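One structure is given here, and the rest of the page talks about it.
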Amino acid sequence: MAEPNRFNDGQAYERGMGVWSRLAGEIFLDWLAPHSDLRWIDIGCGNGAFTELIVERCAPAEIQAIDPSERQLAFARSRPGVRMAQFRHGDAMALPFAEDRFDAAVMALVIFFVPEPAKGVAEMARVVRPSGTVATYAWDMLGGGFPLEPIRREMNALGLTLPAAPRSDASRMDALRDLWAGAGLEAIETREITVRRTFADFDDFWETVLLHSSFRAAVAEMAPRDVDLVRTRVRALVPADAAGRITHSARANAIKGRVPG
């Protein structure tokens, strides 16, 4: 995975996207319904939010987790709930493991950051034993499912272009099906995952948005009046309830398949 797409601040990611990842990840794991005592590989593990979910919910026999960001890995290793996991620096397109090594390979909100998604899926299938599971979930970036979509939409409307995930098309459901079929996987199933998150008020929502590095950098370069305008427009898209709380939803596409054999 290329350097420009790394997220290095594990603590900021935890408060910002890590919470979203756990919300979607819980539904994703319920859908996978895995047996206990499996050998897992978590590819693009980031700060370990999803790795921790696997430990909590799946009683794994082993977890190997890889990511290109050493700072994210350092945060992941600090999580008390993932002490059994082995974290290492690695590339999704060249996994440092032998064939048939795992029972399940997963990516959580990662496939759109893999420069060559087909190669990444092929690597997942390579390291999973026959009849094992290969699965991912990804924000529906092109379908408006990204958690920060209202902010991105309003900034784009004002001519402020934000960097998109380099392979956003890989998050489309039909693209995921093609990737899984192209890797020779069988018994392919898909589903949409919709999650909701509640913020104390609009300021809480906005501050969480700014934990995302690309949005923070874009806002820092804006004139104060433009920041106020974006805030006003976004506030209209995410209305508060009677107590001032903001409840916002996001949508991910998920897919799973079985290695032949």
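Brief remarks follow.
- Every listed requirement among (1) β-branched (Val, Ile, Thr); (2) modelled with pLDDT under 90; (3) more than 26 Å from residue 196 (Cβ to Cβ) is met by residue 114 save one, (2).
- Tabulated pairs, the stretch 125-149, first surrounded by fewer than 21 Cβ atoms within 10 Å (Cβ to Cβ), second hydroxyl-bearing (Ser, Thr, Tyr) and assigned to a strand (DSSP E or B), C-beta under 7 angstrom, 6+ apart or interchain: none
- Residue list for the stretch 60-76, filter: modelled with pLDDT of 95 or more and either farther than 20 Å from residue 120 by Cα or in a helix (DSSP H, G or I) (or both): 60, 61, 62
- Taken together, the criteria exclude residue 85 from residues that are under 19 Å from residue 17 (Cα atoms), surrounded by 21 or more Cβ atoms within 10 Å (Cβ to Cβ) and in contact with a helix residue (DSSP H, G or I) (Cβ under 7 Å, 6 or more places away or on another chain).
- The residue that is nearest to residue 147 (Cα to Cα), among those in the stretch 208-256 that are surrounded by 15 or more Cβ atoms within 10 Å (Cβ to Cβ) and among the polar types (S, T, N, Q), is 208.
- Residue 179 fulfils the conditions (1) modelled with pLDDT of 95 or more; (2) over 18 Å from the mean Cα position of the chain (by Cα) except for a single criterion, (2).
- The set of residues from the stretch 183-206 being free of Cβ contacts under 8 Å to residues at least 40 places away in the same chain and either under 15 Å from residue 150 (Cβ atoms) or surrounded by 15 or more Cβ atoms within 10 Å (Cβ to Cβ) (or both) comprises just one member, 206.
- Picking from residues in the stretch 67-100 that are out of contact with any Lys or Arg (no Cβ under 6 Å at 6 or more places or on another chain) and among the charged types (D, E, K, R), the one that is farthest from residue 115 (Cα to Cα) is 83.
The values are calculated or read from the model by the stated rules, or taken from the named source; none is laboratory data. Bear in mind the structure is a predicted one, so any value in this text is a computation, not a measurement. Because the Cβ atoms are built from the backbone with ideal geometry, glycine has one as well, and the counts that use them run over all protein chains shown.
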